[in-house]
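Okay, so here's the structure we're looking at.
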């Protein structure tokens, strides 16, 4: 399975012009806010149309300005977890997960929902509303809903940004399990270098609407380079503050 994009989009004074390709990998889009990362995901998903270019998943064209191809979002077989998760507040956990698989028979939908609730360890929450569960549990519900249709690729827009450090580590471990189990391309946005390093096979560094680097996660740490990565590296690195005292060495014979 592979995904490739080569797209352009102008919105006011901002212009996105990016090209990249991945195989069955987890790719992180990394860069400062406003550099075009979320816009890229929205165009892959079909929520916004590029001005021109090509978006392809394996042998299927999602978008091709030359031929006029533009698949509807519901025809793209993608899972999408938004930054705010977009859970329906009036629906229970079970109903939110079921919502991800319209167009499937009721029997199959219920069977899949039961499997996903068990897979993400949220079965005991099935009748609760989003307001009644924790942030980490909401993330599990959002992932279950995104994966219930068995998508061909998964898009994640800063899925763990609102979680505290301990829960983020738990969700990173869970996403690793998901990657191993579902074996599909994943495109993830994060401003956290530790997440990128723990999860990514490839990092695309965005700056002002362009991809300025395509690197392995460790390469950003060793050489942050252009695109604001140095600032993001500084912000996502834990630092300890303190004072250093230099004590005189004792004289010989004392």
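Checking the a/c ratio against 1.5 first, then a/b against b/c, what shape does the Cα gyration tensor give for the chain?
oblate
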How would 20, 126 line up from fewest to most surrounding beta-carbon atoms within 10 angstrom?
126, 20
Quarter of the Cα convex hull surface for the range 1-109, i.e. its orientation-mean projected area (nm²):
9.0
What is the Cα centroid distance between the range 182-218 and the range 158-178, reported in whole angstrom?
15
What is the Cα radius of gyration of the range 35-166 over 2.2 N^0.38 Å, N being its residue count?
1.14
For the range 145-193, projected area of the alpha-carbon convex hull averaged over all directions, nm²
3.6
Mind checking the alpha-carbon convex hull of the range 47-124 and giving the volume per residue in Å³?
141
Scaled radius of gyration (Cα, divided by 2.2 N^0.38 Å) that the range 87-150 gives:
0.98
Would any residue of the range 167-211 have its amide N under 13 Å from a label point 7 Å out along Cα→Cβ of residue 33? List them or say none.
191
Residues 81, 54 in order from fewest to most other beta-carbon atoms within 10 Å are 54, 81
Nearest-0.05 FRET efficiency for residue 219 and residue 77, computed from C-beta distance (R0 35 Å):
0.65
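Throughout, read-outs are computed from the coordinates displayed, never taken from laboratory work. Since we're looking at a predicted model, the values are computed, not measured. Counting neighbours? That spans all protein chains shown, and the Cβs are built from the backbone with ideal geometry, glycine included.
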